[in-house]
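Questions regarding the structure given below will be posed in turn.
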Amino acid sequence: MKPFAKVGLVTAGYIAALAIASAALTIYVSATNGPDRQTSGGMFAFGDSLLFLAVFGLASVPATGTALFFLRPYRIFWIILSVAALVISTTSLAAVFCYVVSKTADPHSVLHSWSPFAVLRILVTPLFAMAFLVSGLFAPNRGARISLFIATAIETGVFAYVAFTWFYH
C-alpha cells in the first residue's frame, strides 16, 4: 500500500470517528433538551464535551490501531512514544498527588489552587490508558510494549483510585 493511501485510510477513520461522536452528541442533546439544559448551560456543556471526547476516543480506536500498524517498522517512533507515554503517565501521578494533598492543604496554598487542573487531568486518564494499551498491543518490540503497558497500568490505577474515592467516600 502506498503512503498516500495509508494516510488517507487513517484520516478517513478519524473522520468517521468524528462523525460518530457528533451524531452521539446530537442524539444526547436532543434527548435531554429540557428546561434544565437551558438554565444550567455550563454544566451541560461540560458534560457534553466529556461525552463527545469519550465517544470520539472509543470510535477512533480502529483508526489509531491502523496508524500504529503502519508505524510498526519505524523504531524511532516507538522509542519516542514509549518515553512520552511514561512521562504523560507520570503527570497523572502528579495530578492524583495534588488532588489528594489539596484536600488537607491550606485553602490559600499552591496545591489547593492546582487541584481543579488535577481533576481535569484525572478525567482524561481513561483515554490515555486506552491509547497506551492499543499502542502496546501494536508495539513491535518488547521494550516498547513493557513501557506502554506500564503507562497503561499507571493511568488505570490513578483513575480507579480516584473513581473509588469519588463514588465510595
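The values are calculated or read from the model by the stated rules, or taken from the named source; none is laboratory data. Note that the coordinates shown come from a computational prediction; the quantities given were computed from them, not determined experimentally. Here the Cβ positions follow ideal geometry from the backbone for every residue, glycine too, while neighbour counts run over all protein chains shown. We work out accessible area using only protein heavy atoms, side chains counted, and drop any ligands, DNA or RNA first. Shrake-Rupley method; radii C 1.70, N 1.55, O 1.52, S 1.80 Å.
Please calculate the 1.4 Å probe accessible area of Lys103, with all protein chains present, and give it to the nearest 10 Å².
Near enough 140 Å² of accessible area.
With +1 on each Lys and Arg Cβ and -1 on each Asp and Glu Cβ, and nothing else charged, work out how big the dipole of segment 1-117 is about its Cα centre, in Debye to the nearest 20.
Here the size comes out at about 560 debye.
Taking segment 26-150, how much of its Cα-Cα pair set, in percent, is spaced more than 21 angstrom apart?
Here the tail beyond 21 Å accounts for 56 percent of pairs.
Something else: Once phi is turned into ³J(HN,Hα) by the Karplus curve 6.51 cos²θ - 1.76 cosθ + 1.60 with θ = phi - 60°, what whole-Hz value does each residue of segment 26-36 show in order, with x for glycine and proline?
4, 5, 5, 4, 5, 6, 10, 6, x, x, 4
Spelling out what I want: for every residue of segment 86-94, take phi, set θ = phi - 60°, compute 6.51 cos²θ - 1.76 cosθ + 1.60 (Karplus), and round to whole Hz; glycine and proline get x.
For segment 86-94, the Karplus-derived couplings read 5, 5, 5, 5, 5, 5, 6, 5, 5 Hz, x marking Gly and Pro.
Averaging over every viewing direction, what projected area does the convex hull of the Cα atoms of segment 74-119 cover, in nm²?
With the hull built on Cα positions only, its mean projection is 3.3 nm².
Which of Val134, Val158, Val110 ends up with the largest GNM mean-square fluctuation for the chain, with Cα atoms connected below 10 Å?
Val110
With the cut-off at 1.5 for a/c, could you classify segment 112-161 from its C-alpha gyration tensor as rounded, prolate or oblate?
It comes out prolate by the Cα gyration axes.
Let me check against my output: what whole-number percent is the relative contact order of segment 85-141, with C-alpha pairs under 8 Å and at least 6 apart?
33 percent
How far, in nm, would the chain grow between Tyr161 and Val29 when pulled straight, counting 0.36 nm per residue and subtracting the alpha carbon separation?
44.5 nm
Would you list Met130, Met43 from the most to the least accessible area, probe 1.4 Å?
Largest accessible area first, the list is Met43, Met130.
Express the carbon and sulfur contribution to the solvent-accessible surface of the chain as a percent, rounded to the nearest whole number, probe 1.4 angstrom.
Carbon and sulfur: 77 percent of the exposed surface of the chain.
Please state the relative contact order of the chain as a whole percent: Cα pairs under 8 Å, 6+ residues apart?
23 percent
Another question, if that's okay. In what sequence, largest accessible area first, do Phe132, Phe159 appear using a 1.4 Å probe?
Phe159, Phe132
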